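A short write-up of the structure that comes next.
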Amino acid sequence: MNKFLLLIMLSLTMGLQAQNPQNKAIHQILDQWHEAAANADIETYFGLMGEQSVFIGTDAMENWQREAFLAFSKPHFEQGKAWSFKARERNIYLAEGGEIAWFDELLDTWMGTCRGSGVLEKVKDSWKIRHYVLSITIPNEEIQPVIALKKKKDSIIQKQIQRDW
């Protein structure tokens, strides 16, 4: 009985979350951002990112400040198609005050299923992506071969990058 009530409460909460106008606007921004990459629309893509934004890719060395990410991405966009991500699931959360939002999303990509997560900030009347993290999903039962595959590169990265705090 308790599980049934919990299910009803979660359904109502999710419905309210989806009805929130801020959430709808954020869904639209994120969908537009992904669509801009698929259509090689560099102005829209980077226009939806904040001036001080960060994109973290799937490679351990991909921690891009906006301008560095723009320089990296430009040749891909110039070829007529950068990358194509389609959200299958997305959860959006708003901070008190409604000026900061964070989200997670499950994506269909050329790499298979990936997870994206990030932070948006409301600047004047529009939302800007401030931080985005792209992760490849790996089923837990398949992790051991992946660990073995990464071991050599991980040891090199661990030697290169030292904590400075």
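Rule-based calculations on the coordinates, nothing more; no lab input. Predicted model only: the values in this text are computed from it and were never measured. No Cβ is skipped: glycine too gets one built from the backbone with ideal geometry, and neighbour counts run over all protein chains shown.
Some points to look at:
- Per residue, the convex hull spanned by the alpha carbons of the stretch 37-84 comes to 71 Å³.
- Taken as entire DSSP H runs, the helices of the chain that both span 20 Å or more between Cα atoms along their own long axis and average 1.0 or more on the Kyte-Doolittle scale are 2-19.
- Taken over the stretch 48-165, the alpha-carbon convex hull comes to 171 cubic angstrom per residue.
- Note on the chain: with charges restricted to the Cβ of Lys and Arg (+1) and Asp and Glu (-1), its dipole about the Cα centre is near 400 debye.
- By the count of neighbouring beta-carbon atoms within 10 Å, fewest first, Glu35, Glu89 end up ordered Glu89, Glu35.
- Residue-span extension gain [Ala95 to Asn20] - 0.36 nm each, minus C-alpha spacing: 25.7 nm
- Other residues with beta-carbon under 13 Å from the beta-carbon of Ser53 carry, at +1 per Lys or Arg and -1 per Asp or Glu, a net charge of 0.
- Projecting the Cα positions of Trp127, Phe69, Ile138 onto the charge dipole of the chain (unit charges on Cβ atoms of Lys, Arg, Asp and Glu, taken about the Cα centre) puts Ile138 furthest along the positive direction.
- Given +1 at the Cβ of Lys and Arg, -1 at the Cβ of Asp and Glu and no other charges, the dipole of the stretch 77-165 around its Cα centre is 400 debye to the nearest 20.
- Debye intensity ratio in log₁₀ form over the Cα atoms of the stretch 93-157, taken at each q of 0.16, 0.20 Å⁻¹: -0.71, -0.87
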